[in-house]
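The values are calculated or read from the model by the stated rules, or taken from the named source; none is laboratory data. Values in this document were obtained by computation on a predicted structure and should not be read as measured data. Cβ sites come from the backbone with ideal geometry, for glycine too, and all protein chains shown count toward neighbours. Heavy atoms of the whole protein, side chains included, go into the accessibility calculation; ligands, DNA and RNA do not. Shrake-Rupley method; radii C 1.70, N 1.55, O 1.52, S 1.80 Å.
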Amino acid sequence: NEGFLKEVGKGLNLKYGIKSYKEKIKKIHDYGIQVLGSFILGTDYDDKNTVKQLKNFIFDASVDIAHVFPLYPLPGTRLYDRFKKEKRLLYNKYWLEDVIPFVTYKPKKMTPNELSQEIFDLWSDTLKYPNSIKRFFISLKETKNLVGSTLSYYENFRMNQCRKISKKIHYNYFA
């Protein structure tokens, strides 16, 4: 999201533009290298449509591994201070808890549970078995790198296991 990139000062990302990411991923693939995309959802600019756009991007751009997590306002950051001032933090000292909540603040355009569910659904769409296999073969075709594609598949498999555990913890403790 370009609004968020501006807010956090991601000048290099803005310089090339979000629309160039797909082309850059293709070029990386052409060199036989897999792409791990790390994405944060839950910024003040994000809504359910943003999640849908991210899902489409992950598949359209052939991102080999997609790590998607909610925004975490950590103590000592401007974001944490801002959320505290705006009374958007849901938990005091959540980082000291045995079980850390999945979403720790009130997003602007979704409820905390909606954001959690949107991320769980996105994980499900990108990590479940049929799509993981499909992404493995696309990765192999685009990179011609069996080892890298296999490692990407195993990382997606591992993240799928984490998805199941995170969802269970969220709904047992926080929903």
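With θ set to phi - 60° and the Karplus curve 6.51 cos²θ - 1.76 cosθ + 1.60, what are the ³J(HN,Hα) couplings of the stretch 25-35 in order, to the nearest whole Hz, using x for Gly and Pro?
Whole-Hz 3J(HN,Hα) from phi for the stretch 25-35: 5, 4, 5, 4, 4, 4, 8, x, 10, 7, 10.
What ³J(HN,Hα) values, in whole Hz, does the Karplus curve 6.51 cos²θ - 1.76 cosθ + 1.60 give for the stretch 61-76 when θ = phi - 60°, with x put for Gly and Pro?
With coefficients 6.51, -1.76 and 1.60, one gets 8, 6, 5, 6, 10, 10, 9, 10, 9, x, 4, 10, x, 8, x, x Hz.
Out of residues 5 or more away from F39 or on other chains, whose amide H comes under 5 Å of its own, with H placed 1.01 Å from N in the peptide plane?
Here H67, V68, F69 satisfy the definition.
For the full complex of protein chains and a 1.4 angstrom probe, list W123, W95 by accessible area with the highest value first. Each step should come with its number before you reach the end.
Working: W123 5, W95 90 Å².
So, going from the largest accessible area down, we get W95, W123.
Using heavy-atom solvent-accessible surface (probe 1.4 Å) with all chains present, what is the largest-first order of D47, D64? List each step's numbers first, then the result.
On the way: D47 55, D64 5 Å².
Sorted descending by solvent-accessible area, the residues read D47, D64.
If you average 1/r over all unlike Cα pairs in the stretch 95-174 and invert the result, what Kirkwood radius do you get in angstrom? Please report the intermediate quantities before stating the final value.
On the way: mean 1/r = 0.0703 Å⁻¹.
By the Kirkwood definition, the hydrodynamic radius is 14.2 Å.
About the Cα centre, and with charges only on the beta carbon of Lys, Arg (+1) and Asp, Glu (-1), how big is the dipole of the stretch 1-41? Nearest 20 debye, please. Mind dumping the intermediate values first?
Numbers: 8 positive and 4 negative charges, 22 e Å.
Here the size comes out at about 100 debye.
At 1.4 Å probe size, what's the solvent-accessible area of Y45? Round to the nearest 10 Å².
80
At 1.4 Å probe radius, can you tell me the per residue accessible area of the stretch 1-42 in Å²? All intermediate terms of the calculation are to be shown ahead of the outcome.
Details: 2970 Å² over 42 residues.
Heavy-atom SASA per residue in the stretch 1-42 reads 71 Å².
If you take all C-alpha pairs in the stretch 27-175, what percent of them are over 26 Å apart?
On the way: 3581 of 11026 pairs.
The answer is 32 percent, as a whole percent.
Can you compute the helix-only [θ] at 222 nm over the chain? Use -39500 (n - 2.57) per DSSP H run of at least 4 residues, normalise by all residues, nearest 500 deg cm²/dmol.
Working: 8 runs with 102 residues, N = 175.
Using -39500 (n - 2.57) per qualifying helix, the result is -18500 deg cm²/dmol.
Would you work out what percent of the accessible area of the stretch 72-175, with all protein chains in place, is carbon or sulfur (probe 1.4 Å)?
On the way: 3710 of 6490 Å².
C and S fraction of accessible area: 57 percent.
Quick one: dipole size for the chain, taken about the Cα centre, charges +1 on Lys/Arg Cβ and -1 on Asp/Glu Cβ, in debye to the nearest 20. All intermediate terms of the calculation are to be shown ahead of the outcome.
Numbers: 31 positive and 19 negative charges, 31 e Å.
The calculated dipole for the chain is roughly 140 debye.
Could you state the accessible area per residue of the stretch 95-146 in Å², with a 1.4 Å probe and every protein chain left in place? Working shown, then result.
Working: 2870 Å² over 52 residues.
On a per-residue basis, the stretch 95-146 sits at 55 Å².
Would you kindly find the accessible area of T150, with a 1.4 Å probe and non-protein molecules such as ligands, DNA and RNA excluded, rounding to the nearest 10 Å²?
The accessible area of T150 comes to roughly 50 Å².
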